[in-house]
1. Pairs only if they're at least six apart or on different chains, beta carbon under 6 angstrom, first in the stretch 52-64 and closer than 18 Å to Val16 by Cα, second modelled with pLDDT of 95 or more and hydrophobic (A, V, I, L, M, F, W, C); list them, first residue then second.
2. Yes or no: the stretch 94-117 includes at least one residue that is modelled with pLDDT of 95 or more, open to solvent by 10 Å² or more (accessible area, probe 1.4 Å), among the aliphatic types (A, V, I, L, M) and in a loop (DSSP other than H, G, I, E, B).
3. Would you list the helices (runs of 4 or more DSSP H) that sit entirely within the stretch 2-74 and hold 1 or more residues that are out of contact with any strand residue (DSSP E or B) (no Cβ under 9 Å at 6 or more places or on another chain) and β-branched (Val, Ile, Thr)?
4. Is the stretch 68-86 home to any residue that is over 17 Å from Ser14 (Cβ atoms) and free of Cβ contacts under 8 Å to residues at least 12 places away in the same chain?
5. Kindly indicate whether Met34 is touching a Lys or Arg at 6+ places or on another chain (Cβ under 9 Å), at pLDDT below 95, surrounded by fewer than 23 Cβ atoms within 10 Å (Cβ to Cβ) and of a type outside the set (Phe, Trp, Tyr).
6. Quick test of your reading of the structure: Leu89 fulfils all but one of (1) within 20 Å of Leu118 (Cα to Cα); (2) assigned to a loop (DSSP other than H, G, I, E, B); (3) touching a Pro at 6+ places or on another chain (Cβ under 6 Å). Name the failing condition by number.
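The values are calculated or read from the model by the stated rules, or taken from the named source; none is laboratory data. From a predicted model like this one, the values you see are computed outputs, not experimental measurements. Cβ atoms come from the backbone with ideal geometry, glycine included; neighbour counts cover every protein chain shown. Surface areas here come from the heavy atoms of the whole protein model, side chains and all, with no ligands, DNA or RNA. Shrake-Rupley method; radii C 1.70, N 1.55, O 1.52, S 1.80 Å.
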Amino acid sequence: IGKLFSRRNLKPGSPVWLFICASADRCVDLVKGMDNVRKVAKIGKLFSRHMKIAQQQTFLRSSVVQVIIGTPNRLLKLVESNDLNLSQLKFLFFDGAIDAKQRSVFTLKDVQDDLWNLYCTHIEGIVKSGQLKVAIL
């Protein structure tokens, strides 16, 4: 797993893995479960409760981050501001967790528009090129 996250060819704000979650709480849960990944890669947490968007933009501009975990709205804003670059992405993980009300990142009305806008506008082309593998956790 360490070779996958080699910093040699990575640029600031250009992750190799991207996790998309329905909520900040779910992002936090995912980060907590990534102890092994944290040993070999830097993880960026991109959701509204963690830091203000300006702080995240500064972080992405100055940091080589191999793994990003975030919510659709925050990811979309950071991609559209050109602070989050998806060109190095190799794996996209959709968090398939179902909440107490039986909703997921795919069905939660609050995130659906941003999720599909992000996917159709900024990710679908990378998937079609064969560079990006997609999975549902």
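1. Final answer for the pair search is Gln56/Leu46; Leu60/Leu84.
2. Checked against the condition, which is being modelled with pLDDT of 95 or more, open to solvent by 10 Å² or more (accessible area, probe 1.4 Å), among the aliphatic types (A, V, I, L, M) and in a loop (DSSP other than H, G, I, E, B), the stretch 94-117 yields no hits at all.
3. Output list reads 35-40, 53-62.
4. no
5. Details: touching a Lys or Arg at 6+ places or on another chain (Cβ under 9 Å): no; at pLDDT below 95: yes; surrounded by fewer than 23 Cβ atoms within 10 Å (Cβ to Cβ): yes; of a type outside the set (Phe, Trp, Tyr): yes.
Considered against the rule, which asks whether it is touching a Lys or Arg at 6+ places or on another chain (Cβ under 9 Å), at pLDDT below 95, surrounded by fewer than 23 Cβ atoms within 10 Å (Cβ to Cβ) and of a type outside the set (Phe, Trp, Tyr), Met34 comes out as no.
6. (3)
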